[in-house]
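Notes follow once the structure below has been shown.
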Amino acid sequence: MPPLRETVRVHGLSASKALGQNFLFDEQLLDRIAAIPGDLDGATVFEVGPGPGGLTRALLRTGARVIAVERDERCLPLLADLAEAFPGQLTVIADDAMAVDVDALTGGDPYHIVANLPYNVGTALFTRWLEPAAWPPRWLSLTLMFQLEVAERIVAPVGTSAYGRLAVLAQWRARARIAMKVHRSAFTPPPKVMSAIVQLTPADQPPGVDPRILSRLTEKGFGQRRKMLRQSLKGIDGAVAAAEALGIDPTRRAETVSVAEWVALARALGR
Ligand SMILES: C[S@@+](CC[C@H](N)C(=O)[O-])C[C@H]1O[C@@H](n2cnc3c(N)ncnc32)[C@H](O)[C@@H]1O
């Protein structure tokens, strides 16, 4: 295949800001990203936003079967060339990633999700993948590029300023780590901020916890993160009393409450 930059030039594809397009062309970097989930030979991978297909190429080189959803129709001819170069390995769906059912698209097989996410829908997709009622999910791992600041919020430990809803959501039933930081200059065009790749794998879910209750608790708690819990959780019936019963002092603030304590509180309220 011709080099990626050349393919993009020939097709006259320029990055669209509205679609959150910042492309990666460094094939060595892309191979390192595609190696993060581990051996993908024969595995199924779901990719959001392949764009001109840099990360897609790297995933196909590992031997993975890739199902990719791209909203920008201008990218489809480049991706069709890629599908031809890797026969039987690539399926491209021209759609909005927010509108597709990934479990259905992947035909019931377990799958990995790998994506250089568009910033405009990145957090919404991430939240969706972490909030299914049933656990473990069908996905085996998430390998996702975010703005560094968002990545830090996902892996943040309790008591830090980055610790909030996203950390609790990510950490209560998954293991999350920053696998790689990526300098802004690696992208075309370079975004204003640095990026990082977060890798997540499902962990055992603590029993007896309703994700919706946990979500509501953290929404209220971190919605007023400077307030004491007795104030911020006031709107949730029984929450302040349950916190006291669990030995969580209601004069504490949300950012001092550990993931295990949020989980215990959600469990107590679900009884
Ligand atoms: C940050 S770029 C990454 C492009 C390519 N994967 C790379 O790494 O060079 C994000 C891609 O997501 C696509 N995109 C944006 N919103 C989308 C959506 N709602 N559904 C599917 N793709 C979307 C954009 O068109 C773009 O190709």
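Here are the numbers:
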read-out: Output for region 31-64, where each listed residue is surrounded by fewer than 20 Cβ atoms within 10 Å (Cβ to Cβ) and either near the ligand (Cβ under 10 Å from one of its atoms) or among the charged types (D, E, K, R) (or both); value: D31, R32, D39, D41, R61
read-out: Residue in region 5-15 that is nearest to the ligand (Cβ to nearest atom), counting only those that are of a type in the set (A, V, I, L, M) and surrounded by fewer than 20 Cβ atoms within 10 Å (Cβ to Cβ); value: A15
read-out: Members of region 16-26 found to be more than 6 Å from the ligand (Cβ to nearest atom) and either out of contact with any Leu (no Cβ under 7 Å at 6 or more places or on another chain) or among the small types (G, A, S) (or both), listed by number; value: S16, K17, A18, D26
read-out: Any chance T188 is in contact (Cβ under 8 Å) with a residue 24 or more places away in the chain, more than 21 Å from the chain's Cα centre (by Cα) and either closer than 30 Å to Q21 by Cβ or within 16 Å of the ligand (Cβ to nearest atom) (or both); value: yes
read-out: Scope region 233-254; condition in contact with a Lys or Arg (Cβ under 7 Å, 6 or more places away or on another chain) and in a loop (DSSP other than H, G, I, E, B); matching residues; value: L233, G235, I236, P250, T251
read-out: Candidate set: region 65-95, residues that are farther than 19 Å from W139 by Cα, without any contact (Cβ under 8 Å) to a residue 40 or more places away in the chain and not aliphatic (A, V, I, L, M); chosen: the one surrounded by the most Cβ atoms within 10 Å (Cβ to Cβ); value: E70
read-out: Where a residue in region 1-25 is within 21 Å of H183 (Cα to Cα) and its partner, wherever it lies, is of a type in the set (D, E), with Cβ under 6 Å and at least six apart; value: L19/D72
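One line per residue, one yes/no per condition, for (1) touching a residue at least 60 places away in the same chain (Cβ under 8 Å); (2) over 16 Å from R177 (Cβ atoms); (3) outside any helix (DSSP H, G or I):
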| residue | (1), (2), (3) |
| --- | --- |
| A104 | no, yes, no |
| V114 | yes, no, yes |
| L125 | yes, yes, no |
| R128 | no, yes, no |
| A133 | yes, yes, yes |
| P136 | yes, yes, yes |
| L140 | yes, no, yes |
| F146 | no, no, yes |
| V150 | no, no, no |
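Rundown of residues vs (1) in contact with a strand residue (DSSP E or B) (Cβ under 6 Å, 6 or more places away or on another chain); (2) under 28 Å from P136 (Cα atoms); (3) basic (K, R); (4) assigned to a helix (DSSP H, G or I), yes/no style:
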{"residue": "A176", "(1), (2), (3), (4)": "yes, yes, no, no"}
{"residue": "V198", "(1), (2), (3), (4)": "yes, yes, no, no"}
{"residue": "P206", "(1), (2), (3), (4)": "no, yes, no, no"}
{"residue": "L214", "(1), (2), (3), (4)": "no, yes, no, yes"}
{"residue": "E219", "(1), (2), (3), (4)": "no, yes, no, yes"}
{"residue": "Q231", "(1), (2), (3), (4)": "no, no, no, yes"}
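Where a number appears in this text, it was derived from the coordinates with a stated rule and is not lab data. Here the structure is a predicted model, which is why all the values come from computation and not from measurement. Ideal geometry is used to build each Cβ from the backbone, glycine not excepted, and the neighbour counts take in all protein chains shown.
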